[in-house]
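The values are calculated or read from the model by the stated rules, or taken from the named source; none is laboratory data. What you see is a predicted model; the values in this text were computed from it and never measured. Cβ placement follows ideal geometry from the backbone for every residue including glycine, while neighbour counts extend to all protein chains displayed.
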Ligand code: GLN
């Protein structure tokens, strides 16, 4: 088998189809790199070697019988907040320790129907609240490329698994940047689809008006392969869109290879290039813009006038929704129970013991902004500002096809730094929360590295359901 750590999903599928190797061999090779990496990288909270090998053998039998399917025999890693029947699903929280998924999430069911097999569950910030994977109840993940640094988060385990060559591809969730930011820090591709394009049924809810599931892969081609399987209407998710979807895999075919971006206008939002942007991140983003121009794109400066309100708006809306969504973890139905005679004492002690500090902080903030007397001043006002932010994007997209911007203001920082500084962490989401507040689609692709070798991503943002254009440009601009 070729170098397993560098193999893409597309290469693995080609190898399986050509019978160069079996799914069992592929799975064994991946398990062989995953298991030893656990003591330093710690990308996984659960590795299901037995289940994966059994499913791989079954995939090999189906292939030997002449069957094929888009992902037949391909192992995929799943973030620990989506149900995979029979595997633990804890959202990296102690409160859900021991909880085993009783059914497949829709994304899991779709992957399974396409023939994928499930290797294990990737580490994450507890309940997806964070941007470093250090709030995990089961210990942090280390960046496999920028060693000693955070992998980003909250989908940091998925990013580290793919960036470190421990998984061919993974799924993550993005509420305010949790796919794009870790993808950027680990040198991989991460997609935040248009809100409603991918079902959230069976995914542990974080902030429901913002959450989307998406692929995290080594290449744009691999992300397109997965999106074609994941996207689509699901009657089990009330926010799921029922719209015709263009096929994304190969949607770049037929473009002039010398000038694939001819006719495309890319907007550079000036507020995303302001003070506080690391000089190396700025330089790499500007280089990417120049490459886009050389590939035929027209560049234009655009404005998102309310971008400065993104962080306060996001942290009001998201904490409000988190406080409501996490109310279900009270020791009655799921996971940990601290038994007490009196029911309120049982809720209190279960939540006090089961939740980590960041989860408690968000629940307290969210409860505050929703409380009577403050509801209008915070929650209602944030909803109004959210509308203004969405209109900013609509207006920007009236004059250009996509936006081009950095993903994060700075490269990955060392593990342990800023850990006790929540505001510092929150501010690092300034360039990613806009897409979630507006609902539009966005992708992070590798754009190079700093002098110290830390990966830096480039962000492209597209209008609602603009995935085909987004993927065409991303395919032309990704650096491998
Ligand atoms: N870093 C952001 C936060 O802490 C985003 C999290 C996410 O997208 N799940 O809320």
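Quick notes on this structure:
- Residue within region 325-341 that is closer than 30 Å to residue 467 by Cβ, in contact (Cβ under 8 Å) with a residue 24 or more places away in the chain and either under 22 Å from the mean Cα position of the chain (by Cα) or more than 16 Å from the ligand (Cβ to nearest atom) (or both) present: yes
- Condition met for residue 129 (within 12 Å of the ligand (Cβ to nearest atom) and over 26 Å from residue 56 (Cβ atoms)): yes
- Residues (in contact (Cβ under 8 Å) with a residue 24 or more places away in the chain and within 12 Å of the ligand (Cβ to nearest atom)) located in region 415-436: 422, 425, 426, 427, 428, 429, 430, 431, 432, 433, 435, 436
- Positions within region 196-210 being buried (at least 22 other Cβ atoms within 10 Å of the Cβ) and within 23 Å of residue 246 (Cβ to Cβ), in sequence order: 197, 198, 199, 200
- Residue in region 283-305 that is modelled with pLDDT of 95 or more and farther than 30 Å from residue 260 by Cα present: yes
- Of the candidates 120, 157, the single residue that is more than 16 Å from the ligand (Cβ to nearest atom), touching a strand residue (DSSP E or B) at 6+ places or on another chain (Cβ under 6 Å) and outside any loop (DSSP other than H, G, I, E, B) is 120.
- Residue match in region 311-319 (condition: without any contact (Cβ under 8 Å) to a residue 24 or more places away in the chain and either within 15 Å of the ligand (Cβ to nearest atom) or farther than 30 Å from residue 369 by Cα (or both)): no
- Selection of region 420-439 for residues being farther than 22 Å from residue 187 by Cβ and part of a helix (DSSP H, G or I) yields 422, 423, 424, 426, 427, 433, 434, 436, 437, 438.
- Of 173, 141, all but one fail to be touching a strand residue (DSSP E or B) at 6+ places or on another chain (Cβ under 9 Å), more than 26 Å from residue 16 (Cα to Cα), in contact (Cβ under 8 Å) with a residue 40 or more places away in the chain and part of a strand (DSSP E or B); the exception is 173.
- Qualifying residue in region 362-375 (condition: in a loop (DSSP other than H, G, I, E, B), on the phi > 0 side of the Ramachandran plot and touching a helix residue (DSSP H, G or I) at 6+ places or on another chain (Cβ under 6 Å)): no
- Of all residues in region 232-246, none satisfies being away from the ligand (no atom under 16 Å from the Cβ) and surrounded by 24 or more Cβ atoms within 10 Å (Cβ to Cβ).
- Among the candidates 442, 412, 405, 447, residue that is in contact with a helix residue (DSSP H, G or I) (Cβ under 8 Å, 6 or more places away or on another chain), part of a strand (DSSP E or B) and within 14 Å of the ligand (Cβ to nearest atom): 442
- Checked against the criterion of being surrounded by 21 or more Cβ atoms within 10 Å (Cβ to Cβ) and modelled with pLDDT of 95 or more, region 330-349 has no qualifying residue.
- In region 415-439, the residues that are surrounded by fewer than 24 Cβ atoms within 10 Å (Cβ to Cβ), in contact with a helix residue (DSSP H, G or I) (Cβ under 8 Å, 6 or more places away or on another chain), modelled with pLDDT of 95 or more and over 17 Å from residue 319 (Cα atoms): 439
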